[in-house]
Amino acid sequence: MQLVVARIGRAHGIKGEVTVEVRTDEPELRLAPGAVLATDPASAGPLTIETGRVHSGRLLLRFEGVRDRNAAEALRNILLIADVDPDERPEEPDEYYDHQLMDLDVVLADGTEVGRITEISHLPSQDLFVVERPDGSEVMIPFVEEIVADIDLDAQRAVITPPPGLIDDRAEIASSRDAEDEG
């Protein structure tokens, strides 16, 4: 299975280094010196990482055969793709690759069917599951511990405990006036 692990940014300096936008939780594994990566477009690769370093919070890479700024600038916006065993799992037990979560059945704790994960949206604040419901509509479920109670890859399902209103129209509206009316 092939996964996009980075996008090449602009050239850095005059000796062929480039900045990269990391798209993997394991850059030390996927973007290590010696790694051979496929590219999109394919005609630009494969590229072999010669060196890597962090400078001002950005990862800088140099590829074999890329020796000057012009050659580095020609790589801009190319996607770097790693071959990953589909059965491989991240080191942390509560981490998952997107391809492992795709098509999981989403159910409530009592077994009620909610739908199927069709997309994972990576936002700056949190990740979201885009879930297609049986009627064809979509609902977005924040991938946070308080809502996603369990991911069972063997059973191919995600168990959720959503707050009222997240997946249905029965939102509980609480206001300070309600408390005053009772008192």
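What to note about this one:
- Hey, Asp40 among the acidic types (Asp, Glu) and over 24 Å from the mean Cα position of the chain (by Cα) or not: no
- Among the candidates Val84, Val4, residue that is β-branched (Val, Ile, Thr), touching a helix residue (DSSP H, G or I) at 6+ places or on another chain (Cβ under 9 Å) and modelled with pLDDT under 90: Val84
- The number of residues in the range 10-50 that are touching a residue at least 24 places away in the same chain (Cβ under 8 Å) and not small (Gly, Ala, Ser) comes to 20.
- Scanning the range 37-53 for residues that are assigned to a loop (DSSP other than H, G, I, E, B) and open to solvent by 80 Å² or more (accessible area, probe 1.4 Å) returns a single hit, Pro46.
- Selection count where residues are farther than 24 Å from Met1 by Cβ, open to solvent by 100 Å² or more (accessible area, probe 1.4 Å) and not in a helix (DSSP H, G or I), scope the range 54-97: 6
- Of residues in the range 98-129 being in a strand (DSSP E or B), touching a residue at least 24 places away in the same chain (Cβ under 8 Å) and at negative phi, the one surrounded by the most Cβ atoms within 10 Å (Cβ to Cβ): Phe129
- Residue within the range 56-69 that is in contact with a Phe, Trp or Tyr (Cβ under 9 Å, 6 or more places away or on another chain) and not β-branched (Val, Ile, Thr) present: no
- Qualifying residue in the range 12-23 (condition: assigned to a loop (DSSP other than H, G, I, E, B), of a type in the set (A, V, I, L, M) and crowded, with 16+ Cβ neighbours inside 10 Å): no
- Being assigned to a loop (DSSP other than H, G, I, E, B), open to solvent by 40 Å² or more (accessible area, probe 1.4 Å) and either touching a helix residue (DSSP H, G or I) at 6+ places or on another chain (Cβ under 9 Å) or under 12 Å from Ala6 (Cβ atoms) (or both) is not true of Gly34.
- The condition of being surrounded by 13 or more Cβ atoms within 10 Å (Cβ to Cβ), at pLDDT below 85 and over 27 Å from Pro33 (Cβ atoms) holds for only one of Ile147, Ile167, that being Ile167.
The values are calculated or read from the model by the stated rules, or taken from the named source; none is laboratory data. Because the structure is predicted, anything quoted here is derived from the model rather than measured. Here Cβ is always computed from backbone atoms with ideal geometry, including for glycine, and neighbour counts include all displayed protein chains. We work out accessible area using only protein heavy atoms, side chains counted, and drop any ligands, DNA or RNA first. Shrake-Rupley method; radii C 1.70, N 1.55, O 1.52, S 1.80 Å.
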